[in-house]
Every structure is written in structure tokens, then in C-alpha cells.
Amino acid sequence: MPARGVRALMSPVSTTSTTRARGRVVRRSAATTSGTSAAPATSGESATTTARKDVPTFQDAILRLQEYWSSRGCAIVLPHNTEVGAGTMNPATFLRALGPEPWNVCYPEPSVRPDDSRYGENPNRVQKHTQFQVILKPAPENVQELYLGSLEALGIDTGAHDVRFVEDNWESPVLGAWGLGWEVWMDGMEVTQFTYFQQCGSLKVAPTAVEITYGLERILMALQGVDHFKDIAYNDMMTYGEMRMQEEYEMSVFNLDQASVETHRSRFELADKEALRMLEARLPLPAFDNLLKASHAFNVLDARGAVGVTERQKLFASMRKLARETAQLWVARREELGYPLGLSEAPPAKSLVENTGAIPTAPADCVIELGTEELPPQDVTSTSRQFHEAVDALLKAEGLTHAGISVGATPRRFTLSIKALSAGQANVEERVRGPPLSRAFEEDGTTPSKAAQGFCKKNGVDAGALEKDGEYVWAVVKKEGRSAVAVLEEALPKIIAAINFPRAMRWTTNSEAAFSRPLRWLFGVHGDHHLTFEALGVHSGTTTRLLRTRGDVTDTYSAANAAEYHALLAKDSIVLSFEDRMSSIWSEAKAAAKTVGGEIPDSAGEGLLEEVANLVEAPNLVMGDFEEAFLTLPKEVLVMVMRKHQRYFPVEGADGALKPHFITFANGSCDKGVVKHGNEAVLRARYEDAKFFYETDLNKPLAEFKPELSGITFQQELGNMLEKTQRVEGLVADVAAALGYGPDVVAPATVAAGLARADLATAMVMELTALAGTMGRHYAQKEGLPANVSEAIFEACLPRSAGDALPSTPAGITVAVADRLDTLIGLFAVVGGPKASADPFGLRRAAYGLVQTIVNSGATCDLRSLIELAAAKQPVEVSNERIEECVTFITRRLEQLFIDAGNDVECVRAVLKERGGSPALASASISELVAVDGKALETCVRVLSRPTRLVRGKMGANADLRINEASFECEEERALHAAYVAARAKIVDGCSVTDMISAVCEMDNAATAFFDNVFVMADDAELKRNRMALCAAVASLPSGVLDFAELPGGL
């Protein structure tokens, strides 16, 4: 029986405890509730904690946040009276974010997520958690500082903790909503989601609204130092568990085990119909309320595992339509009402440059800084490159000299440092052509015409200085060079606006200015003169910002010149150079690992090192530990949690086994003990989750997860993942045969194909999708499946990315090839190949992995035959045209594979023209061609060039290519024919390039004698035909091996 059924019979977990780590212990009793002092708690009695004065209870936290935000202009609204999955779904957020009216509110919101039901057993997941929601529209400029001030109000010392803003791109396709922002981490734990809404209900959010969503349970667990939500002090008299554990347990049983599927389908249908009726009645709020009811019914059905692929798409489409139409009606109704709250207005902008030194008259150092809210790591790299290249090109184009440019980039700033930038452009004289001589003067020949006067005025010259030269008048125009300051002030706004991103966002009122994240300050100075310019609505100033030191305050620091600017950053330990930060992080991490007898493998730094370096400005190493008991979990799980979720570096022993330690980097100074403890608690919670998933998965064999693949869509017309799995199973035998494998491979490959995708339905892989294949192998090993089956299950997913391992076992190769063939031809049949850069199904990656696998296996096979085998298994008709397109597409990926390996493109194409259908054979042929002796190749070309040129374009489709030995008239013909026959016998199917070239080279003497002494284009028709047929035969010798026309100086 599934674990859920077992849990349903268990009693709720007791919340009784006799001691607490913090504060006094009290006993709840009639005396206590009536105000009489309580006796000390004794063993077995229900007890709770009152936190220290500076640590709020759960109730205090809500009160403090309400007080803080209401004192800053927010109205306190109430939670919604219908279940919502998040505070975002409250109409006070979703609908009120739309339209031009200002809206500033805060409220606590119980958020119900049935799929997070854990019967109260998981310390970090609950089916109903409490969010505190803040909506600010329009988004204020100091919104991050306001948020940090709210943490201070909760009793969090932001100077002691490591508080960071980590990229989070929020999107809800069902709601037609998206926004950009961050997860806010405190000591490695996500405590808040912070989002600038860009769209809701498929409508543009303007002015931009910012949503701040606090996860109260997480925050309070961290503040109170408890390891389970049930131990949170709710108030001075009871714990969170005492208040809510029964509800959490019973609702988990309901959500996962008892909720009627039919009842909730009916509830969805009824709510859906009522929402549509309310839309017809032009009542957006009742319509939205019924959308929420439908959404909750769907979430319960989903938790019960009762939503199939087709039904999911249908229900999603219905909710998406309701969200869009409700949003449109809401906006229309607010306009009809005349926007009762008024219209948002942008505050007037003003220049921040007030006092500045003189413009330099000699070369001087220059600094230009763009200050932002935290950018995603990949955008840090891209922005610094674009900024550097644009300014460098500007200086060259404008003739401004310098002693070097360096770029510094961190999550919050991009700094260009220009050494000894020239004061300005040089003055130049230029001889400029004016109007034609015939139109330059009046009839007297001396009085300038209006055309000449206009020319003089435009160029600032006196009419008397005009020169007559040929048919035109000319003037020597003196152009005074502009200062570097003037050039930069004019160009920088355009340069900054032209920086592009994969996803950009708006953030200012009534403006379409867009950047990766909000641009908050600009600083520029040349010598002692500050640059004055405006970009994306932001004015430059004389100050910069350093690391944030405390909440609710924007600290700014003046810098008179480049030297002062760099000194300010150095004093705050900000490392501008990305390379320096990365080097420092890596060397410090490795040194720290050695202190516990461990090491950080180089593989641990791949990708992660660059990301960590772009998450911090001032790296500050923190080493933490975790319980050795967690080492019983698979190593891949532990490492994945550290790397993906927490950006930690794992520590290994010399034997490659994990040690119970990790390394992270805080941003700037902090209380390392506090930060260490916080990160340890977060990792412990993550590992507890992983342990829960792992133990849940082990309750049944891998094969029992396979039917659940029917709930995972592959592609609408191609079916679900179960149907795809069944196609691959049916394809394995044919693919194995095509690859040259026998029955001993077919049997394990067939079993592996049936289980290769089963782990997609496991709890662990649903949580950590990158472990697909890895967990399948692990679970297969745990239940004792044969080693070749377990390994093939894993290898079916390979390669997962560039540089990844490739399948190496026959069964693994077979399943991996069969799976990719099914993916490629199926998707080509229904959606076609990728268009330009768009490749939503990852077909380029799939094709590249396919040819990598085949080449690495060394198996000789025919690509077209393989594609046709897979096409025959598809649930849709696959045309010959689609098959041809798919073969061509795969061959192009094969070409790219060989070019990526460092081979000359001409060599690659010469081979692929003849052997592109057999990847492994093509690979071997390219290697042979690259290694062939130059003189031998030269001889081969000489033998083939003359016959090839003779027959090119002269042999029609119906040409008679029979060689009639009786028609030979001279010895040279007979000798060449004999040499041809000998060479042809050696050039067999699959022969090496070396053997082909060697065979052709042996014809050199005969070919030379023939073409020196025999006239091919004889008058006698039969003689001519026969000699042309002989030439055609010789020219065809490389066919199937090499196309010499693709080589440099080819035939």
C-alpha cells in the first residue's frame, strides 16, 4: 500500500515538549489563561516558549510588519475569504496591480497548497502556510531599502546576517502573469519573494507594481532557532504546532487521501460556470472569486493525482481564459468608475550633480559607474562586455586617446576605469567643398550668392575666405575638438539604453525604460569634473553606493575623482574585477577544505564558481557542517542540493566520498557564527526534504512509477511520457540490430527502455529534475536489478549537456539512441525543426547528443534507416519530406560536432558529402584524411583531376557508361583500365580513406600515360564514348568515400 495510505492511519505527531531553547517555560492551564501565575512545566505537560524581547513570536511578526508598512503609507487589508495558493492570488494583488491607480497595501495571507501536504511530518513543508504580502504601486525608488528596514523591524540585524537578492524570474502561464525580481536569502534561506510585476491576466502592469512576499514560517523558524514549524512560538502561550498541527494533519489526509475526485471535478465545473456568468454580468470581483474556487478544486485534484494530461490542458486553458477576461473587465470597470483612487504620477527628476571641478585640460583618469539593483549572474557578464565594447568603440571613433580601459562588474555595479583619458579631441582643419562655382556668386562675380552665404554660415567661415578651385568653391574649415566630457555626456545615454538582455523589465512610472533590473544611480568623473547626463530616467550624480549596512537607509558616498572612488570601494572590500573575485573565491575555498582534511574537486567549480563570483561584491568565506547521518543519502542528491539550491561548494575526501562540510561565501562583513548557523539550518531542512522524498520513493519498485508517466505530457499529438516510453521499448530491438548488437544486448536494453523515464514520476526527481537518470539507476540498484540494466537506465539520459559523459555500455547506447530518434522524428513530424534561434523542444541538443553517442560507440549504421525505423513507430503519419528534413538536420549537427573537435571545415564536408549517413564511419574517415600524407593526396588529386574535368557536365542521365574492352585501340587504354579494375577491387564499402587514396595513387603512371598520349574526344563515336566511360569510371572511384570538390583546390 502506498505510504500515503499508511500515514493516513497514523496519529498526529505530538507537539508536546518539556523544554525550549529560548526563554522561559510556561504551562498552559486554566490558571494561566485566567491570569494566575503558572507553575513550572514538568515532564509530559504541554509547554511553550516566549521568545526574547528582540525575537518576535509568530503573532508579533505579523503585528510588526503591519505596523512597519502602515507607517510607510500602506493600508492594511484582510486575507481573502477563499482559498488561495499564494498571496499573489488575492484580488488585492492580482487585480489591483492592474490599471493606472496607485495602490499600497499589506496583509497576511494563509496560502493553501494541497500538493505540499506532508501530514505535519516534514519540518519545512505545510499545506497551509502564511505569507505576508506587500504591494506598492508605483514601485518606489528605495523599495529594497524599505524592505531591509522591515527586516530590522522584525528584529533582524541585517549587518550580522548575510542578506542577498538572488535572481528569481516569476511566471504563471495559467494566469498570463510574469515579473522579474529575486528570492531574498538570509543566511542561505529564502525568506521573501520580491517581484516587479510586468504583466497580469495577459495585461501590461503600468505603472509597475512591486510585490514583496514574506514566508513567515521560514523567517520565524530562523529567528527563534527551531528546526520544525510546530515548535515556532505562535504567541507567549502556545506553539504553532499546538495551534495548527491537527489542522495540518487532517487537511493533509483530506488533500492526499480522502478528497472526493468526483466532488472536486464538479466543484471546478460549477465555479467555472459561475465565473463565466459573472463575467457576462460584468462583475469582475465575483468572477475572480469563482476563478479562485476553481483553482483550489484543481489543486486538490492534482494532489490526488487525478488530473490526466488532456484534462490538465483543458483545465489550464479554462483558468487562463477566466484570468484574462476577468483582468480585462476589472480594468474596464475601474475606468468606468473614473479611477476613484486617482492616477499615479512620476516624481519630478532632477540632476544630482551640483558641485564639480573644472573640465580637465590634460589627460586624467576617468571612471564611469552604472549602479543597479542586483542583476542575474549571467547578465553581469553580458552587461560588462557590452558596456566595455561600446565605450571602447566610442573613444576610438571620437579620437580620444587613453592609456587603457578596464571593466569591473559586480551584481550591483558596472565600472569602466579609463587611465589617462585625453582632455578632448584635437583641433583639425578640413578643406570642405562648397556650391558649384556657377552658383556661388552673383552676376558681378564677386558678391557671394545666397547658396555661398549659407555654406559660409554653416561652416563658420568668412565669405572672403572662399577659394575658387575648378568647378566649385572651397573653404578651409577649422573644427575645434570637443572635450572628452562633452563626448561622454552625449554618448553615454545611448550606450546604456542600447545594452540588451534576454529578459528586461520596466520599473519607473509612465516610462518604457527597460533594463535587466532597475538602474538606480549613475556616476561619472573625468579628473575632478563630474559628468552630467541622464539615462533611462536616472540622472548622474557625484556619489556612489557601497555595501548595504542597515535597513531603510540609502547610504551614498561622495567621490571627487577616480582615485577617491576606487579607495571607497577598496575600504568596503568590494572587488570590482570578476576575475579577481573568482580567483579569490576558488583559492580560499580550496584552502578551507584542506583544514578539514578534504578537497574541492575541480568539477565542483564548473559553472558554480562563475555564478558565485557574480552573486557577491565582497566575498567572505563561511564554512559549515551537516549531520553525518545525511551521508546515507545518495551522494548525487547531496551535491545537487548544495550546488543547485544553495550554491555551496561540497567538500570531498581523497577517496571521492563526501565529507559533512560545505563552503559558501557571504557578501561583505557579517557575524560568521550567525551566518554559519543559518546556512546549516537551511541545508538541514533541504536534506530533510530530500530524505522524505528518498524514503517515499523507496516504498515501491521503479516499475510501479512507470504508469504515472501517463500524467506527464511529452507533446500533445505525440502523447504522454508513458506512450513515448512504450514507443522506445518497441524500437530497441531494431535499433540494436542496426547498431550491430545481438540478443544479449536487446534483452537488458528493452528492460532499461521501459524504466529509463520512470524516475520522472518519483518524488526526488520531481523536486530535483536534474537527477533524472541518476535516481533511476540508484533505485534500480537498490532493488537489485542487473548492473547492465541499471547502468543503461542512467545512460539513456546521456549526454545531458555539453561536455557531459556519453553512454558507454551497449544497452545504454541502444536506449539513448532509440530515445533520441523517437524525440527527433516525432517532433519533426508534428512541429518541424527549430526556427532561427528558437528551439523550444531542444532538438539541436537532442541531435547533437545522438551523433555524439553513435560516433563514440564506433557502431557503423545508416542514419536514414534509423530515422525510418523510428518514424514507423510514431502515432502520427511521417512524410518522406519530414524524414529528409530530419536527416539533413542531424547531419548538420554531425558536421558541427566534427568542427567543434578542431577539424577543418573543408575536410569535414568532403567526408560528410559521401559518408554523412554513417556517423562513426565519417568520424574515422575525417581522422584518416587529416593524417594522410600530403604527397599521396597530391598524387591522388592528379590522377582524378583530368578525368573528372573531362566528364563534368558532359554525361547526361542516360549516358552509356559501359566500358567495352573490345573498343580499346591502344595500350594506354588497356593499362588504365587494368589499373582502374585493380583500384576498384580495393575500394570496397566502408574502406578507409587511406586505402582509397593508396589505391588511386597506384594508378598514377597509367593515368599519366593515358592522358599524355590518348585523345579522349576522338572523331569515332564509339571510341569517344568508350574513352569517356573509362574516364567517368576513374572519376567515380572516391564516390562513397570522399568528395574531393570540397577540399581546397578540389577537383
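The values are calculated or read from the model by the stated rules, or taken from the named source; none is laboratory data. Treat the numbers as computed from the prediction; the structure is a model and nothing was measured. All Cβ positions, glycine included, derive from the backbone under ideal geometry; neighbour counts span all protein chains shown. The area values use the complete protein model at the heavy-atom level, side chains included, leaving out ligands, DNA and RNA. Shrake-Rupley method; radii C 1.70, N 1.55, O 1.52, S 1.80 Å.
Dipole magnitude for the chain: about 1860 debye, using +1 per Lys or Arg Cβ and -1 per Asp or Glu Cβ, origin at the Cα centre. Cα gyration tensor of the stretch 51-107, axes a ≥ b ≥ c as square roots of the eigenvalues: rounded (a/c below 1.5), prolate (a/b > b/c) or oblate? Oblate, since a/c reaches 1.5 and b/c is not below a/b. Measuring spread by the Cα atoms of the chain yields a radius of gyration and Dmax of 37.1, 130 Å. P(r) for the stretch 625-784, from all Cα pairs and a bin width of 5 Å, is 1, 8, 15, 16, 15, 13, 10, 9, 6, 4, 2, 1, 0 %, short bins first.
The slack in the chain from GLU534 to LYS450, taken as 0.36 nm per residue of separation less the alpha-carbon distance, amounts to 26.3 nm.
What is the local net charge at SER801, summed over the other residues whose Cβ is closer than 12 Å to its Cβ (Lys, Arg +1; Asp, Glu -1)? Result for the local shell: 0.
3J(HN,Hα) couplings calculated from phi for the stretch 763-770 with the Karplus curve 6.51 cos²θ - 1.76 cosθ + 1.60 (θ = phi - 60°) are, in sequence order, 4, 5, 6, 4, 7, 10, 4, 5 Hz; Gly and Pro show x. Within the accessible surface of the chain, defined with a 1.4 Å probe on protein heavy atoms only, the carbon and sulfur portion equals 51 percent. Remark: accessible surface ordering of LYS935, LYS691, LYS706 (largest first) is LYS935, LYS691, LYS706, probe radius 1.4 Å.
Here the 3J(HN,Hα) profile of the stretch 861-877, calculated from phi with Karplus coefficients 6.51, -1.76 and 1.60 at θ = phi - 60°, is 8, 10, 4, 4, 4, 5, 4, 5, 4, 5, 4, 5, 8, 6, x, 10, 6 Hz, Gly and Pro shown as x.
Using a probe of 1.4 Å, the accessible surface attributed to GLU167 totals some 60 Å² when neighbouring protein chains are kept in position. Measuring r between the beta carbons of ASP469 and GLU442 and using R0 = 25 Å, the FRET efficiency lands at 0.80. Amide H contacts of ASN104 (H built 1.01 Å from N, in plane; Pro and chain starts excluded): ALA75, LYS137 sit under 5 Å, all sequence-distant by 5 or more or on other chains.
What whole-number distance in Å separates the alpha-carbon centres of the stretch 158-211 and the stretch 888-914? Each part reduced to its Cα centre gives a spacing of 44 Å. Projecting the Cα atoms of GLY87, HIS566, GLY730 onto the charge dipole of the chain, computed from C-beta unit charges around the Cα centre, puts GLY87 farthest toward the positive end. In percent, rounded to a whole number, the relative contact order of the stretch 934-1036 is 48, using alpha-carbon pairs under 8 Å and six or more apart.
Between ARG482 and GLN425, the built amide H atoms are under 5 Å apart, and every one of these is 5 or more places off in sequence or on another chain. Under a no-solvent Debye model with one identical scatterer per Cα of the stretch 58-259, what's log10 I(q)/I(0) at q = 0.08 Å⁻¹? The computed values of log10 I(q)/I(0) come out as -0.27. Distances between placed amide hydrogens fall under 5 Å for GLY541 paired with LEU522, PHE523, GLY524, all partners being 5 or more residues away or on another chain. Helical content of the chain, expressed as a calculated mean residue ellipticity at 222 nm, amounts to -14000 deg cm²/dmol (DSSP H runs of 4 or more residues, -39,500 (n - 2.57) each, divided by residue number, nearest 500).
The stretch 830-871 and the stretch 286-303 have their alpha-carbon centroids 41 Å apart. For SER865 and TYR557, the difference between the fully extended length at 0.36 nm per residue and the C-alpha to C-alpha distance is 103.9 nm. Modelled this way, with points 7 Å down the Cα-to-C-beta line, the labels at ALA966 and GLU877 are 5.2 nm from one another. Okay, which of the stretch 632-666 sit inside 11 Å, backbone N to the point 7 Å along the Cα-Cβ direction of LEU698? The answer is 632-634, whose backbone nitrogens lie closer than 11 Å to the label point. For the stretch 793-840, relative contact order (Cα pairs under 8 Å, six or more residues apart, normalised by length) works out to 28 percent. Inter-part distance, the stretch 72-93 to the stretch 936-968, computed on C-alpha centroids, equals 83 Å. A straight chain from ARG72 to GLU723 at 0.36 nm per residue would run longer than the Cα-Cα distance by 228.7 nm. Among the trypsin sites (Lys or Arg not before Pro) found in the stretch 249-341, those both in a DSSP coil and sparsely packed, with 13 or fewer other Cβ atoms within 10 Å of their Cβ, are ARG282. Evaluating 6.51 cos²θ - 1.76 cosθ + 1.60 at θ = phi - 60° for every residue in the stretch 745-756, the Karplus couplings come out as 8, 4, 4, x, 5, 5, 4, 5, 4, x, 10, 4 Hz, glycine and proline recorded as x. Projected onto its three principal axes, the C-alpha set of the stretch 428-479 covers 34, 21, 14 Å, listed from the longest axis down. If you plug the beta carbon distance of ILE359 and ASP168 into 1/(1 + (r/R0)^6) with R0 = 30 Å, you get a FRET efficiency near 0.10. Summing Lys and Arg as +1 and Asp and Glu as -1 over all other residues whose Cβ lies under 12 Å from the Cβ of THR192 gives a net charge of -2. Evaluated with a Cβ-only charge set (Lys, Arg +1; Asp, Glu -1), the stretch 428-479 carries a dipole of roughly 320 debye about its Cα centre, given to the nearest 20. Per-residue surface analysis assigns THR383 an accessible area of about 0 Å², computed on protein heavy atoms at 1.4 Å probe radius. What's the FRET efficiency of ALA982 with SER837 using the Cβ-Cβ distance as r and R₀ = 51 Å, to the nearest 0.05? Calculated value: 0.45. For the chain, the relative contact order is 8 percent, taking Cα pairs closer than 8 Å that sit 6 or more residues apart in sequence and dividing their mean separation by the residue count. Residues HIS778, HIS526, sorted by accessible area with the largest first, give HIS778, HIS526 [1.4 Å probe; ligands and nucleic acids excluded]. Approximating the spin labels as points 7 Å out from Cα along Cα→Cβ, the ALA426-to-TYR339 distance works out to 5.6 nm. For LEU683, what charge total do you get from the other residues with a beta carbon under 10 Å from its beta carbon, if Lys and Arg give +1 and Asp and Glu give -1? Taking every Cβ under 10 Å from that of LEU683, the sum is -2.
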